[in-house]
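Please read the structure below before turning to the comments.
The values are calculated or read from the model by the stated rules, or taken from the named source; none is laboratory data. Not measured: the values here are computed from a predicted model. Here Cβ is always computed from backbone atoms with ideal geometry, including for glycine, and neighbour counts include all displayed protein chains. The area values use the complete protein model at the heavy-atom level, side chains included, leaving out ligands, DNA and RNA. Shrake-Rupley method; radii C 1.70, N 1.55, O 1.52, S 1.80 Å.
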Amino acid sequence: MSIAEKKISGKTVYEGKILRLEVDDVELCDGSKSKRECVRHNGGAAVLCIIDGNILLVKQFRYLYGKEIYEIPAGKLEKGENPQTAAARELEEETGYRAESISKFLKIYPTPGYTDEIIHVYFTDKCVVSAKNLDDGEFVESFLFPLDKVLSMIESGEICDSKTVAAVYKYALTVKR
C-alpha cells in the first residue's frame with residue numbers, strides 16, 4: 001500500500017531572496033484532505049575539511065539563534081548551481097583554504113517536515129592556503145580542532161548544527177574503522 005500524498009492545488013504566499021513559502025492542499029492515502037506548508041529552498045553546500053588531522057570549523061553569529069555557533073563551512077546554492085562548485089567556493093571564501101580535491105560525502109534533509117532543502121556535504125583533506133573573501137555583512141572566524149574535541153563539543157551541546165553533527169559523526173565512523 002502506498003502512503004504517498006497527492007497535491008490537489010497550491011499557492012505561493014511569500015517569495016523572497018532565499019526561500020518561497022507555498023501552501024498546498026493534498027489528498028492523503030486514505031482519501032482525506034490536508035494542507036501542507038512548504039518552504040521551498042535552493043539548498044546548500046558544505047565541506048568537512050581536514051587539515052593536518054584537525055577539523056576546520058567556522059564560528060559566526062546566527063541571528064535566529066541569537067548566538068555564535070560553530071559549523072563546517074557552508075553556503076546557499078544559487079538556482080541551478082552545482083553543489084560541488086558551491087562547496088569549494090564557500091570553503092575558500094569563509095576560511096581562506098582552497099580545496100585541491102573535493103568529493104561527495106553526505107546528503108542531508110535538515111527538516112523534511114516542512115522544507116525541500118537539501119544540504120550537499122563534501123569532504124576534503126587536501127587544501128592549500130588561499131585568501132578569505134567574505135560576502136558583505138559576513139563575519140566568520142576559522143578554527144582547527146582535533147576530532148575528539150569536536151566530538152566533545154557536540155556531546156556537550158556546544159555544537160548543534162545538523163550538517164556539522166552529521167558530517168563529524170560520519171567522519172568519526174570512517175576514522176575508527
Please get the size of the charge dipole for segment 12-107, origin at its Cα centre, with Cβ charges of +1 on Lys and Arg and -1 on Asp and Glu, quoted in debye to the nearest 20. 100
Ordering 36, 98 from largest to smallest accessible area (1.4 angstrom probe), what's the sequence? 98, 36
Modelling each spin label as a point 7 Å along the Cα-to-Cβ direction, I'd like the residue 135/residue 37 distance in nm, to one decimal. 2.4
For the chain, modelled as a Gaussian network with Cα springs under 10 Å, which listed residue fluctuates most, 128, 165, 150? 128
Computed from the beta carbon distance with a Förster radius of 30 Å, FRET efficiency for residue 100 and residue 148 to the nearest 0.05 stands at 0.70
With a Cα-only, solvent-free Debye model of segment 130-177, what are the log10 I(q)/I(0) values at q = 0.18, 0.26 Å⁻¹? -0.69, -0.99
Could you tell me the distance between the Cα centroids of segment 57-100 and segment 128-145, to the nearest Å? 9
Mind scanning 7/33; 17/104; 104/149 and naming the pairs with a C-alpha gap bigger than 18 Å? 17/104; 104/149
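Taking all protein chains in place and a 1.4 Å probe, what share, in percent, of the accessible surface of segment 96-170 do carbon and sulfur account for? Write down the numbers at each step before the final one.
Working: 2310 of 4410 Å².
The nonpolar share, carbon plus sulfur, comes to 53 percent.
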Using the Karplus equation 6.51 cos²θ - 1.76 cosθ + 1.60 (θ = phi - 60°), what ³J(HN,Hα) coupling, rounded to whole Hz, does each residue of segment 26-42 give in order, writing x for Gly and Pro? 10, 9, 7, 4, 8, x, 6, 10, 7, 10, 10, 8, 10, 8, 9, 9, 5
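Which value, to two decimals, describes the C-alpha radius of gyration of segment 89-143 once divided by 2.2 N^0.38 Å?
Normalised Rg, Cα atoms only: 1.36.
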Out of 66, 82, 38 - ranked by how far each Cα lies towards the positive end of the dipole of segment 30-86, with unit charges on the beta-carbon of charged residues - the top one is 38
Taking residue 35 as the anchor, which aspartates and glutamates have their alpha carbon closer than 13 Å to its alpha carbon, excluding any fewer than eight residues away along the same chain? 5, 22, 24, 25, 27
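Taking the Cα centre of the chain as origin and charging only Cβ (+1 Lys, Arg; -1 Asp, Glu), how large is the dipole, in debye to the nearest 20? Before the final figure, lay out each step's value.
Working: 25 positive and 29 negative charges, 88 e Å.
I would put it at about 420 debye.
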At q = 0.09, 0.15, 0.19, 0.20 Å⁻¹, what base-10 log of I(q)/I(0) does the Debye formula yield for the chain when every alpha carbon is treated as an equal point scatterer in vacuo? -0.38, -0.90, -1.24, -1.34
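Hey, if we sort 65, 122, 14 by accessible area with the 1.4 Å probe, largest down, what's the order?
The ranking, largest first, comes out as 65, 14, 122.
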Most to least accessible of 176, 67, 17 (protein chains only, probe 1.4 Å): 17, 176, 67
